[in-house]
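Undergrad: Structure incoming, see below.
The values are calculated or read from the model by the stated rules, or taken from the named source; none is laboratory data. Just so it is clear, the model here is predicted, and its values are computed rather than measured. Quick reminder, even Gly has a Cβ in these numbers, built from the backbone with ideal geometry, and neighbours come from all protein chains shown. Ligands, DNA and RNA are stripped out before the accessible areas are found, and what is left, the full protein with its side chains, is counted by its heavy atoms. Shrake-Rupley method; radii C 1.70, N 1.55, O 1.52, S 1.80 Å.
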Amino acid sequence: MKKGLSARAKITLWFSVAMILIVLLTYALIFLVNRQVIQKTIRDNLIETVENNVDEIEFYKYISKEDFDKDIDYYIQYGDGYLEIDDDFLDEVNQVYTALYTTDGEFVYGENIAASATASLSFVNVSVQEADVDGELYYVYDKRLDAEGLEGLWLRGTVSESQGEQSLTATARIALIILPSLVVIAIIGGFLFARRVLSPINKISLAAAKIRQGDDLKQRIEIGEGNDELHALAEQFNDMFSRLDDSFTAQQQFVSDASHELRTPVAVMLSQCELSRQCGGGELSEDMQVIERQARKMNRLINDMLSFTRMELTPERYTFERLSLSKLSESICFDMSLIKENDITLEYTIEDDIYINANRELMTGLITNLISNAYRYGKHGGHIWVSLKSDDKKAYLTVKDDGIGIDEKELKNIFKRFYQTDSSRNGAGTGLGLAIVKEIAALHSGEISVQSEPNVGSEFTFSIDKLK
Ligand code: ADP
């Protein structure tokens with residue numbers, strides 16, 4: 001299954017993209033508003049400076065020599081008198097330059113940073129004009145002087161549009177640092193928050209997976225106290241698990257009780273068959289033979305069902321001990337090698353002194369089941385090889401045969417309850433042997449695996465942690 005993004009990643013991604021878009025939009029807005037405000041300020045500043053300078057120019061027909069010498073103001077001969085430029089006249093303030101011109105454009109006094117470019121610009125009273133000098137924009141403001149004696153004179157103020165750029169970049173620089181930092185903090189915060197809020201979902205999914213893997217309906221989802229939707233969901237799940245567990249246990253109990261009850265009638269049937277055999281001089285009629293065969297099969301089935309449900313319902317009844325797997329397997333192999341059913345030979349190689357933590361009865365069941373199957377599905381005159389080996393950590397018990405083998409597509413099913421392959425359905429088996437083996441392996445935290453090839457043979461391996 002293709003794994004997409006996790007919910008946490010999706011939320012964080014959405015959140016991050018939204019944050020970045022908002023920040024970009026904010027940037028655009030800051031630049032736009034900032035620029036407009038600054039441009040307006042520059043123009044206002046220009047007009048104000050020029051207007052203030054208007055009063056600093058006066059015309060005098062005569063001035064005394066004394067005035068001329070002592071006054072700190074500046075005098076320029078103009079027409080039939082003098083222009084007095086007050087010392088408060090600001091020819092440059094805040095990069096706004098003011099200069100005095102005649103109507104013909106002749107420079108009289110002051111400063112103009114864009115003199116050459118604005119020379120061709122005709123005077124327009126109280127209006128802001130624009131002039132381009134080598135790609136740089138200048139604002140130009142003209143004011144006609146109309147006080148007595150000053151007719152024919154113009155004040156021209158000039159300021160560069162780039163004057164506002166400095167303060168613009170300063171604001172932008174602050175925004176450039178602060179906004180991305182806020183975005184990073186918000187994204188990290190959002191990610192952590194999403195992780196915290198969504199962590200119960202992970203726990204729910206982990207618990208569900210555990211239940212599925214181990215078929216353990218006793219597992220519960222533990223996500224602590226809380227009142228939100230996820231806690232409610234976990235509670236619903238736990239409720240569902242406990243109901244399923246109850247009904248499953250009831251079902252197992254029923255199977256266990258039924259098997260128990262069936263034991264007596266089957267035992268009676270078998271003893272009646274035995275009685276008939278004795279009465280018939282050691283022989284049974286064909287009909288009675290069928291009944292006896294089926295009663296034996298039913299007896300095995302009942303015993304298997306009982307051991308299975310006992311393991312599931314009350315696993316605590318099986319006590320674990322330090323068990324010599326070497327001695328146990330050796331004695332089982334010895335006993336079972338005497339069966340010689342179907343002329344099959346059982347050979348065994350057992351490594352000494354392998355100890356495990358196990359229940360003797362269950363371990364005996366596991367080994368006996370595997371060897372019985374090897375006999376049951378072995379070919380006439382075939383072989384069974386049992387080996388017990390170990391490495392640093394684990395013990396490996398292998399039961400191998402050269403019998404009928406198992407088709408690849410059936411391999412995944414053989415450990416299921418009551419599963420029998422077509423070739424063995426009418427035999428003596430019950431279909432529960434390997435399910436019991438698997439259950440015993442699980443109870444011991446061990447593993448059972450199989451390799452098989454039709455008409456070549458099968459190899460079952462049980463692995464379990466060793467004790468030192
Ligand atoms: P059964 O009582 O039918 O033997 P099991 O659970 O022991 O049930 O085994 C399930 C099925 O797996 C059997 O019906 C058989 O087809 C197959 N099987 C088990 N062991 C072997 C083996 N050693 N060789 C071939 N087939 C086997």
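Undergrad: Where in the stretch 374-399 does the amide nitrogen come within less than 13 Å of the point 7 Å from the Cα of E351, taken along Cα to Cβ?
TA: Output list for this probe position: 387-398.
Undergrad: Counting only protein chains, not ligands or nucleic acids, how are F123, F191 ordered by accessible area (probe 1.4 Å), most first?
TA: F191, F123
Undergrad: Can you send over the solvent-accessible area of K327, 1.4 Å probe, protein chains only, in Å² to the nearest 10?
TA: Roughly 140 Å² of K327 is accessible to a 1.4 Å probe.
Undergrad: Turning to a different aspect of this structure: Quick one: with all protein chains in place, what share of the accessible area of the stretch 73-196 is carbon or sulfur, to the nearest percent (1.4 Å probe)?
TA: Solvent-exposed carbon and sulfur of the stretch 73-196 make up 52 percent of the total.
Undergrad: Gap in Å between the Cα centre of the stretch 30-49 and the Cα centre of the stretch 203-268?
TA: One Cα centre to the other: 75 Å.
Undergrad: Please identify the chymotrypsin sites (Phe, Trp or Tyr not before Pro) of the stretch 411-467 that satisfy two criteria: DSSP loop assignment and at most 12 other Cβ atoms within 10 Å. Which are they? Can you show the working numbers first?
TA: Values: sites: F415, F418, Y419, F460, F462; in loops: F415, F418, Y419.
Hits after loop and neighbour filter: F418.
Undergrad: Then there is this: At 1.4 Å probe size, with no ligands or nucleic acids counted, give the accessible surface of E274 in Å², nearest ten.
TA: We get 70 Å² for E274.
Undergrad: Check each of the trypsin sites (Lys or Arg not before Pro) in the stretch 370-424 and keep only those in coil by DSSP with at most 10 other C-beta atoms within 10 angstrom; list them in order.
TA: Numbers: sites: R376, K379, K389, K393, K394, K400, K409, K412, K416, R417; in loops: K379, K393, K412, K416, R417.
The qualifying sites are K393, K412.
Undergrad: A follow-up question, please. Which length gain, in nm to one decimal place, applies between A115 and E261 when the Cα-Cα distance is subtracted from 0.36 nm times their residue separation?
TA: Values: separation 146, 0.36 × 146 = 52.56 nm, distance 11.89 nm.
Answer, rounded to one decimal: 40.7 nm.
Undergrad: While we're here: Considering only protein heavy atoms and a 1.4 Å probe, what is the carbon-and-sulfur percentage of the accessible area of the stretch 213-371?
TA: It is 51 percent, rounded to a whole number.
Undergrad: Taking 0.36 nm per residue of sequence separation and subtracting the Cα-Cα distance, how much length would be gained by fully extending the chain between R195 and S285, in nm to one decimal?
TA: Fully extending the segment from R195 to S285 adds 24.9 nm.
Undergrad: Taking the Cα centre as origin and putting +1 on Lys and Arg beta-carbons and -1 on Asp and Glu beta-carbons, what dipole magnitude results for the chain, to the nearest 20 debye?
TA: It works out to roughly 5560 debye.
Undergrad: What ranking of R144, R196, R220 comes out by heavy-atom accessible area, probe 1.4 Å, highest first?
TA: R196, R144, R220
Undergrad: Hey, another quick one. Per DSSP H run of n ≥ 4, the term is -39500 (n - 2.57); total these for the chain, divide by its residue number, and report the mean residue ellipticity at 222 nm rounded to 500 deg cm²/dmol. Mind dumping the intermediate values first?
TA: Details: 10 runs with 232 residues, N = 468.
Here the helix-only value at 222 nm equals -17500 deg cm²/dmol.
Undergrad: Test of the criteria: in the stretch 122-196, which GluC sites (Glu not before Pro) are in a DSSP loop and have at most 10 other Cβ atoms within 10 angstrom of their Cβ?
TA: Within the stretch 122-196, the qualifying GluC sites (Glu not before Pro) (loop, at most 10 other Cβ atoms within 10 Å) are E148.
Undergrad: How much accessible area per residue does the stretch 281-378 have, in Å², with a 1.4 Å probe?
TA: Values: 5320 Å² over 98 residues.
For the stretch 281-378, the per-residue accessible area is 54 Å².
Undergrad: Using a 1.4 Å probe and ignoring any ligands, DNA or RNA, find the accessible area of W154 and quote it in Å² to the nearest 10.
TA: It works out to around 20 Å².
Undergrad: To the nearest 0.05, what FRET efficiency results for D239 and A170 with a Förster distance of 45 Å applied to their C-beta separation?
TA: Between D239 and A170 the formula returns 0.10.
Undergrad: Sticking with this structure for a sec: Please say if the chain is rounded, prolate or oblate, where rounded means a/c under 1.5 for a ≥ b ≥ c the square roots of the C-alpha gyration tensor eigenvalues, and otherwise the choice is prolate for a/b larger than b/c and oblate otherwise?
TA: Here the chain falls in the prolate category.
Undergrad: Follow-up question, since we're still on this one. Taking R0 as 41 Å, what's the FRET efficiency between L270 and H383 from their Cβ-Cβ distance, rounded to 0.05?
TA: With a Förster radius of 41 Å, E is 0.80.
Undergrad: Now, a different point. Placing unit charges on C-beta atoms (Lys and Arg positive, Asp and Glu negative, everything else neutral), compute the dipole magnitude of the stretch 361-450 about its Cα centre in debye, rounded to 20.
TA: Numbers: 12 positive and 11 negative charges, 24 e Å.
Rounded to the nearest 20 debye, it is 120 debye.
Undergrad: Report the label-to-label distance for D132 and E321 in nanometres (one decimal), using points 7 Å from each Cα along the Cα→Cβ vector.
TA: Result for the modelled spin labels: 10.5 nm.
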